[in-house]
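Novice: Please find one structure pasted underneath; my questions will follow.
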Amino acid sequence: MMHARRFTRKCFVPAAVAIAVLLTAACARAQVQLPLWTANFAQNQTPAPAQSTPPPAADQNQIAPGQTQSTQKKNDRMFFVMPNFLTVENESEIKPLTWKGKFAITADGAFDPYEFAIAGVLAGIRQAENAYPGFGQGFVGYAKRYGTAFADQVDGNMMVGAVFPSILKTDPRYFRMGNGSAFHRFTYAISRIFITRKDSGGSTFNFSEPVGNGVAIGISNLYYPAENRSVSSNLSGWGLQMGLDAFGNELKEFWPDVHRRIANHHHHNSAAQ
């Protein structure tokens, strides 16, 4: 999930617009590809002839240590581009992650190509707005802005998704509700900012979210210009990040429904042709 800790007020709106354009372009590209995908899906749904012997069971030894079938990387990217590795569909059948598993799955998202691209977009917007004048302009100024934007995302993701969940023995994944009214699911997704699952089972307060984001912002003070290290700047960045993470939970909760509707729409259109 995007971690943009140092948005200025001027660059927040154009950043949101730029990201929306990227996601819209990705959806448009996916809509071109989906008819073929849905046609293949429909073919795959044709009942296979009965077999005299059951298929061999999957070799469980091929699963990486600390992972189960449900903890392996998801291929369903949100809006077809955003990594979605920390979303779980079935809470009742999920085993806890080891600390190595937490670091591995969080790092997969933190260093995903999407994160490199988003860091480039944010750096370009900051360059155009001359945010952090201490970085200067030109290639050097852009490189500094790119480096800080990418560092923000990495340290934020790792602190919230790996470091503190390992220390506190909590699960960094988002467990989808998937059923129920839209309002109930909406409020559930927001509540996961404050409530998380313990490795031992049950729920507890999600200290990893506010504390991890706070520590990440503290780390960012090491590489931002001195004039941008004020208490008010840190607090506004912390509040913004909490809001972005809550929004990310909403995407994780409802994106499968949106994806399913898109796939069904193109499937019906292909069948009608």
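The values are calculated or read from the model by the stated rules, or taken from the named source; none is laboratory data. On a predicted model such as this, the values are computed, not experimentally measured, just so you know. Every residue, glycine as well, gets a Cβ built from its backbone with ideal geometry; the counts of neighbours run over all protein chains shown.
Conditions (1) at pLDDT 95 or above; (2) over 23 Å from Ala246 (Cβ atoms); (3) buried (at least 18 other Cβ atoms within 10 Å of the Cβ); (4) out of contact with any Leu (no Cβ under 8 Å at 6 or more places or on another chain), marked per residue:
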residue: Lys144; (1), (2), (3), (4): yes, yes, yes, yes
residue: Val163; (1), (2), (3), (4): yes, no, yes, yes
residue: Pro172; (1), (2), (3), (4): yes, no, yes, no
residue: Arg176; (1), (2), (3), (4): no, no, yes, yes
residue: Asn179; (1), (2), (3), (4): no, no, no, yes
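Novice: Right, something else. Would you check if there is a residue in region 90-102 being modelled with pLDDT of 95 or more, buried (at least 20 other Cβ atoms within 10 Å of the Cβ) and in a helix (DSSP H, G or I)?
Specialist: yes
Novice: Can you find a residue that is touching a strand residue (DSSP E or B) at 6+ places or on another chain (Cβ under 8 Å), in a helix (DSSP H, G or I) and modelled with pLDDT under 95 anywhere in region 206-214?
Specialist: Within region 206-214, none of the residues are touching a strand residue (DSSP E or B) at 6+ places or on another chain (Cβ under 8 Å), in a helix (DSSP H, G or I) and modelled with pLDDT under 95.
Novice: Would you mind telling me which numbered condition in (1) modelled with pLDDT of 90 or more; (2) under 26 Å from Leu168 (Cβ atoms); (3) not acidic (Asp, Glu) Pro65 fails?
Specialist: (1) is the only condition that Pro65 fails.
Novice: So which residues in region 227-273 are at pLDDT 90 or above, small (Gly, Ala, Ser) and closer than 25 Å to Val88 by Cα?
Specialist: The answer is Gly243, Ala246, Gly248.
Novice: Now a separate question. Got a number for residues in region 183-212 being without any contact (Cβ under 8 Å) to a residue 24 or more places away in the chain and more than 21 Å from the chain's Cα centre (by Cα)? Full working, then the answer.
Specialist: Going through region 183-212, the residues without any contact (Cβ under 8 Å) to a residue 24 or more places away in the chain turn out to be 183-184, 187, 191, 194-195, 201-203, 205.
If we keep only those that are more than 21 Å from the chain's Cα centre (by Cα) as well, we get 183-184, 201-203.
The number of residues fulfilling the criteria is 5.
Novice: Is it the case that some residue within region 196-203 is buried (at least 19 other Cβ atoms within 10 Å of the Cβ) and assigned to a loop (DSSP other than H, G, I, E, B)?
Specialist: Filtering region 196-203 down to residues buried (at least 19 other Cβ atoms within 10 Å of the Cβ) leaves 196-197.
From what's left, assigned to a loop (DSSP other than H, G, I, E, B): none.
For region 196-203, residues buried (at least 19 other Cβ atoms within 10 Å of the Cβ) and assigned to a loop (DSSP other than H, G, I, E, B): absent.
Novice: Okay, moving on. I'm trying to understand the selection: among the residues of region 157-174, which are over 12 Å from the mean Cα position of the chain (by Cα) and among the small types (Gly, Ala, Ser)?
Specialist: Correct list: Ala162, Ser166.
Novice: Just one of Tyr174, Tyr188 is among the hydroxyl-bearing types (Ser, Thr, Tyr) and under 18 Å from Asp108 (Cα atoms); which is it? Can you show your working first?
Specialist: Numbers: Tyr188 fails: under 18 Å from Asp108 (Cα atoms).
Matching residue, one of Tyr174, Tyr188: Tyr174.
Novice: From the list Thr148, Thr106, exactly one residue is assigned to a helix (DSSP H, G or I), of a type in the set (Ser, Thr, Tyr), farther than 19 Å from Tyr224 by Cβ and in contact (Cβ under 8 Å) with a residue 40 or more places away in the chain. Which is it? Can you show your working first?
Specialist: On the way: Thr148 fails: farther than 19 Å from Tyr224 by Cβ.
Unique residue meeting the criteria: Thr106.
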